Amino acid sequence: MQKIKKLIENLEVKLTKIYHVKVQLLKKQITFLADISIINTQKEALNVETIGLVTLKRVLFYDTNSALIGEGIINISSVTIDPNKNLELKSIPFTANMATGLTKLQSFLKNPESQDVFIELELEAFNKVYKTRL
């Protein structure tokens, strides 16, 4: 698990597209679909073929104050990314804070080098949750 966590900490995650945005006024949130690219910049392949023992549960977006601004539910337990290759995740359902979430994520999409948004991957292994900030 430590080896996998170290590989995951060195991944790059890029939000590549936001679409099908829907405003839910009563819930004070926005839902949308997003495409994400996870890039393995390491010399070693990331191979998590765990038959459900390790699951990539969520992708979380935080602002500079560590306030959660959006989350995407993924729930995949089989991930393979060769060295210097990427994994494209398409149509991931996200929810975001209606007040600032979508604006900050769109700004991040326009400038991925921005330090205004932080990405965290949430993994579950053996009934424990691990979070890795990227």
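The values are calculated or read from the model by the stated rules, or taken from the named source; none is laboratory data. As the structure is a prediction and not an experimental result, all values here were calculated from the model. Every residue, glycine among them, receives a Cβ derived from its backbone with ideal geometry; neighbour counts consider all protein chains shown. Remember, those area values only see protein heavy atoms, side chains included, never the ligands or the DNA or RNA. Shrake-Rupley method; radii C 1.70, N 1.55, O 1.52, S 1.80 Å.
Residues being free of Cβ contacts under 8 Å to residues at least 60 places away in the same chain and either within 22 Å of residue 23 (Cβ to Cβ) or small (Gly, Ala, Ser) (or both): count how many of those fall in the range 81-108. Residues flagged as free of Cβ contacts under 8 Å to residues at least 60 places away in the same chain and either within 22 Å of residue 23 (Cβ to Cβ) or small (Gly, Ala, Ser) (or both) within the range 81-108 amount to 6. Within the range 52-62, take every residue that is of a type in the set (Val, Ile, Thr) and either at pLDDT below 85 or over 23 Å from residue 42 (Cα atoms) (or both) and give me the one that is least open to solvent (accessible area, probe 1.4 Å). My answer is 54. Within the range 82-89, is even one residue assigned to a strand (DSSP E or B), loosely packed, with under 13 Cβ neighbours inside 10 Å and within 16 Å of the chain's Cα centre (by Cα)? Within the range 82-89, one or more residues are assigned to a strand (DSSP E or B), loosely packed, with under 13 Cβ neighbours inside 10 Å and within 16 Å of the chain's Cα centre (by Cα). Reported count of residues in the range 89-100, each being of a type outside the set (Phe, Trp, Tyr) and modelled with pLDDT of 90 or more, is 5.
Taking the listed residues 34, 125, the one that is over 18 Å from residue 15 (Cα atoms), open to solvent by less than 10 Å² (accessible area, probe 1.4 Å) and touching a residue at least 60 places away in the same chain (Cβ under 8 Å) is 125, with no other qualifying.
Tell me the residue from 47, 65, 111 that is out of contact with any helix residue (DSSP H, G or I) (no Cβ under 8 Å at 6 or more places or on another chain), open to solvent by 60 Å² or more (accessible area, probe 1.4 Å) and under 16 Å from residue 16 (Cα atoms), please. Before the answer, list the steps.
Numbers: 47 fails: under 16 Å from residue 16 (Cα atoms); 65 fails: under 16 Å from residue 16 (Cα atoms).
Step by step, each of 47, 65, 111 is checked, and only 111 is out of contact with any helix residue (DSSP H, G or I) (no Cβ under 8 Å at 6 or more places or on another chain), open to solvent by 60 Å² or more (accessible area, probe 1.4 Å) and under 16 Å from residue 16 (Cα atoms).
Kindly indicate the residue of the range 21-31 that is part of a strand (DSSP E or B) and open to solvent by 80 Å² or more (accessible area, probe 1.4 Å) and also nearest to residue 81 (Cα to Cα) among those meeting that condition. Filtering first and then ranking leaves 22. Any residue in the range 68-80 that is modelled with pLDDT of 80 or more, in contact with a helix residue (DSSP H, G or I) (Cβ under 7 Å, 6 or more places away or on another chain) and closer than 15 Å to residue 12 by Cβ? Checked the range 68-80: no residue is modelled with pLDDT of 80 or more, in contact with a helix residue (DSSP H, G or I) (Cβ under 7 Å, 6 or more places away or on another chain) and closer than 15 Å to residue 12 by Cβ.
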